[in-house]
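Engineer: Okay, here's the structure, questions in a sec.
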Amino acid sequence: MKERLFISDLHLSAAAPELFALFQRVLDQHTQDIDQLFILGDLVDAWIGDDDDSAFTQELKYTLAALPKRGIELFFMAGNRDFLLGPDFLSQIPATLLPDPTIIEVMGQRVLLTHGDGLCTDDVSYQAFKSQVRSPDWQSQFLSQPLAQRRLTAQHLRELSQHASATKAETIMDVNADAVDSLMAEHHVSVIIHGHTHRPARHPLSDMRERIVLGDWSTETPPWACRSGSNGLIFQTLATLS
């Protein structure tokens, strides 16, 4: 049985070198016995295109590429911050781009993996924004701009997002229970693993189902993650030695 590690919402960036160092320590100290690593969205705080040639992007590629060299399969799912991360970058690692949602099996259980933003259906303004930026026309227009302009646009969008989040009710930005039930019923799964909300927890649901929420990353507290393997699903923090 494959040993898997699930993480999300790292929000890595050139502006946060301490967070990147934490990511490297986690990879060094928590992947020695795993076969597969799943990153379920928001690996970076913003992705402006696979042609980004910044020093940060090169260091990220080098760090990730070390995993397949050790025999670890790497899987990536797009989040709301890195949905433009594509096959040109991932093929250089290499890593597999997963559709959202993706179904896997753990000890006979069907488990659904998703970034989680699609479950926040009460946040109507965000869902409208998501539809806009995920459209091929918007992405084509954005990617046709020079890198410098894309960086400015990404910074502006982050500022708008931060302002919007600060003025919304907490409940609006969490998952909608009916959306969770509907997605699980549609795909006939008993477990759902997601990130996005930054509210790590293991929620028991009716009919022996459960929802596992991965944590966002910070240098102040160890990030919450999920492991699966011969011991089933384990929800744990990734404490590291500096």
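Engineer: Could I have the simple spin-label model distance between D88 and D207, label points 7 Å from Cα toward Cβ, reported in nm to one decimal?
Structural biologist: 4.4 nm
Engineer: Using Cα springs under 10 Å in a Gaussian network model of the chain, which residue among V175, V133, V191 shows the largest mean-square fluctuation?
Structural biologist: Of V175, V133, V191, the Gaussian network model singles out V133 as fluctuating most.
Engineer: At most 12 other Cβ atoms within 10 Å plus a DSSP loop assignment makes a site exposed; report the longest stretch of the chain without any exposed trypsin sites (Lys or Arg not before Pro). Spell out each step's value before the answer.
Structural biologist: Details: sites that count: K2, R70.
Within the chain, the longest run free of exposed trypsin sites (Lys or Arg not before Pro) spans 71-242.
Engineer: For the residue pair R70 and Q149, what label-to-label distance in nm results when each label sits 7 Å from Cα along the Cα-to-beta-carbon direction?
Structural biologist: Spacing of the two 7 Å Cα→Cβ label points: 4.1 nm.
Engineer: Pick the calculated semi-axes √(5λ) of the Cα gyration tensor in Å for this structure from (i) 32, 23, 15; (ii) 36, 19, 15; (iii) 26, 24, 17?
Structural biologist: Structure-derived value, by its label: (iii).
Engineer: Still on this model: If you take every residue apart from V189 with its C-beta less than 13 Å away from the C-beta of V189, what net charge results, scoring Lys and Arg +1 and Asp and Glu -1? All intermediate terms of the calculation are to be shown ahead of the outcome.
Structural biologist: Details: positive: R110, R209, R211; negative: E105, D181, E186, D207, E210.
Every neighbour counted, the sum reads -2.
Engineer: R158 to A55: extension gain in nm, 0.36 nm per residue of separation minus the Cα-Cα distance? Kindly include the intermediate steps, with their values, before the conclusion.
Structural biologist: Details: separation 103, 0.36 × 103 = 37.08 nm, distance 2.08 nm.
Result: 35.0 nm gained on full extension.
Engineer: Run lengths n ≥ 4 of DSSP H only: what is the helix-derived mean residue ellipticity at 222 nm for the chain, with -39500 (n - 2.57) per run over all residues, to the nearest 500?
Structural biologist: Theoretical 222 nm ellipticity from helices: -10500 deg cm²/dmol.
Engineer: Something else now. Can you grab the distance from the C-alpha centre of region 150-219 to the C-alpha centre of region 17-48, Å, no decimals?
Structural biologist: 19 Å
Each value in this text was obtained by applying a stated rule to the coordinates, not by laboratory testing. Everything numeric here is computed off the predicted structure, so don't read it as measured data. FYI the Cβ positions are ideal-geometry reconstructions off the backbone, even for glycines, and counts take in every protein chain you see.
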